[in-house]
Amino acid sequence: MSLFITFEGVEGSGKTTQMEMLKEHLEWKGFPVVATREPGGTELGEKIRGMLLNTEGETIAPWSELLLYEVCRAQLVYEVIKPALKDKKIVLCDRFADSTVVYQGYVKGLTLEAVTSLNTWTTEGMAPTITFIIDCPPEIGLKRALARINAMPNSNKEDRFEKENIEFHKKVRDGYLRLAQEAPERIKVINGDREISAIHKEICQIIDKVITPQNS
Ligand code: Z5A
């Protein structure tokens, strides 16, 4: 069956951890799964990810930043997501178009009309079937993210967003919760301030209902 699932949330909320655990769960059940991420997931996208998240002090203009995220998305949809869905695979994506609505639209103030219009073009009109917002207070997420970053070798550090102040991250969280209210059918808000295994269990319960044999 083809199914497109995305993970969203504040920095360090546990998106990557939960996506990897869900991938294992689905593969254990015998489903072919493709897991990818934004920004990145293709050769071009990973190059642009480096430009976006490791700026070495250079300022990127807000519209340039938006367009770079959209370039990554267009390439990922074209090269990875659409072909995988066509092959009846389950696609998991760590961040997607909702990130742009929240970060570039709600928080950084670029016009929502432009952001959503660009999203429509670069996703080729494709939306996730289910989106999990892993929700937790930004203070907790940042503490986790910083601990992870500090354990990395210097060359791999991507810390542009961890340097934003706490108000920025609070706005991001509020933005996600607003988005969830606007699309309650698609977006499931999951309490990320719990044990990793408890969060995983809740996500599996939701997904297992969707992939019952009747739906496959
Ligand atoms: N961005 C944007 O502005 N516009 C866009 O359109 C897109 C992105 C697509 C990069 O994203 C930045 O790009 C992002 C928004 C912007 N920056 N911010 N903020 P990213 O996905 O690469 O970076 P991230 O969101 O900051 O990911 P992260 O730090 O990797 O966080 P995470 O994936 O949510 O968490 P994790 O890696 O699973 O976990 C972090 C650590 O916490 C790790 O050591 C885990 O073992 C631990 N962890 C996870 N869950 C738990 C629980 N439940 N308890 C305790 N510890 C936990």
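The values are calculated or read from the model by the stated rules, or taken from the named source; none is laboratory data. Worth saying up front: this structure is predicted, and the values here are computed from it rather than measured. Positions of Cβ are backbone-derived with ideal geometry, glycine not excepted, and every protein chain shown enters the neighbour counts. Please note that ligands, DNA and RNA were not included when accessible areas were found on the heavy atoms of the full protein model with its side chains. Shrake-Rupley method; radii C 1.70, N 1.55, O 1.52, S 1.80 Å.
Checking L92 against (1) under 16 Å from T120 (Cβ atoms); (2) more than 8 Å from the ligand (Cβ to nearest atom); (3) open to solvent by less than 10 Å² (accessible area, probe 1.4 Å), only one condition comes out false. Which one?
(1)
Condition (residue is of a type in the set (K, R), in contact (Cβ under 8 Å) with a residue 60 or more places away in the chain and within 15 Å of the ligand (Cβ to nearest atom)) applied to region 25-38: is it met by at least one residue?
No, that holds for no residue.
Filter region 175-188 down to residues that are assigned to a helix (DSSP H, G or I), open to solvent by 20 Å² or more (accessible area, probe 1.4 Å) and either touching a helix residue (DSSP H, G or I) at 6+ places or on another chain (Cβ under 8 Å) or of a type in the set (A, V, I, L, M) (or both), then give me how many there are.
So in region 175-188, the residues assigned to a helix (DSSP H, G or I) come out as 175-182.
Imposing the further condition that a residue be open to solvent by 20 Å² or more (accessible area, probe 1.4 Å) reduces the set to 177-178, 181-182.
From what's left, either touching a helix residue (DSSP H, G or I) at 6+ places or on another chain (Cβ under 8 Å) or of a type in the set (A, V, I, L, M) (or both): 177-178.
Going through region 175-188 one residue at a time, the tally reaches 2.
Between a residue in region 113-139 that is under 23 Å from E20 (Cβ atoms) and within 13 Å of the ligand (Cβ to nearest atom) and any residue that is in a helix (DSSP H, G or I) and among the charged types (D, E, K, R), which pairs come within a Cβ distance under 6 Å, given they are 6 or more apart or on different chains?
I134/K15; P138/K170; P138/R173
Taking T100, is it open to solvent by 50 Å² or more (accessible area, probe 1.4 Å) and not hydrophobic (A, V, I, L, M, F, W, C)?
Numbers: open to solvent by 50 Å² or more (accessible area, probe 1.4 Å): no; not hydrophobic (A, V, I, L, M, F, W, C): yes.
Here the answer is no, as T100 does not meet what is asked.
Having 1 or more residues that are among the β-branched types (V, I, T), farther than 27 Å from L67 by Cβ and at pLDDT 95 or above is the bar; report the helices (runs of 4 or more DSSP H) wholly within region 94-156 that clear it. Full working, then the answer.
Values: elements: 97-100, 112-122, 138-150.
Those helices (runs of 4 or more DSSP H) span 138-150.
I'd like to check something: does region 4-16 contain any residue that is among the acidic types (D, E), closer than 19 Å to A127 by Cα and assigned to a loop (DSSP other than H, G, I, E, B)?
If we filter region 4-16 for residues that are among the acidic types (D, E), which is where we start, we get 8, 11.
Of the ones still in play, those that are also closer than 19 Å to A127 by Cα are 8.
Within this subset, residues satisfying the condition of being assigned to a loop (DSSP other than H, G, I, E, B) are none.
Checked region 4-16: no residue is among the acidic types (D, E), closer than 19 Å to A127 by Cα and assigned to a loop (DSSP other than H, G, I, E, B).
Output yes when any residue across region 54-65 is away from the ligand (no atom under 11 Å from the Cβ) and crowded, with 19+ Cβ neighbours inside 10 Å, and no when none is.
no
If you scan region 1-24, which residues turn out to be open to solvent by 30 Å² or more (accessible area, probe 1.4 Å), touching a residue at least 60 places away in the same chain (Cβ under 8 Å) and more than 8 Å from the ligand (Cβ to nearest atom)?
M1, S2, M21, K23
When region 39-53 is examined, which residues are found to be modelled with pLDDT of 95 or more, part of a helix (DSSP H, G or I) and within 12 Å of the ligand (Cβ to nearest atom)? Give the steps one after another, and end with the answer.
Applying the first criterion (modelled with pLDDT of 95 or more) to region 39-53 yields 39-49.
Retained after the next criterion (residues that are part of a helix (DSSP H, G or I)): 43-49.
Of everything in region 39-53, those that are modelled with pLDDT of 95 or more, part of a helix (DSSP H, G or I) and within 12 Å of the ligand (Cβ to nearest atom) turn out to be G45, E46, I48, R49.
In region 189-205, what residues are part of a loop (DSSP other than H, G, I, E, B) and surrounded by 13 or more Cβ atoms within 10 Å (Cβ to Cβ)?
Answer for region 189-205, where residues must be part of a loop (DSSP other than H, G, I, E, B) and surrounded by 13 or more Cβ atoms within 10 Å (Cβ to Cβ): G192, D193, R194.
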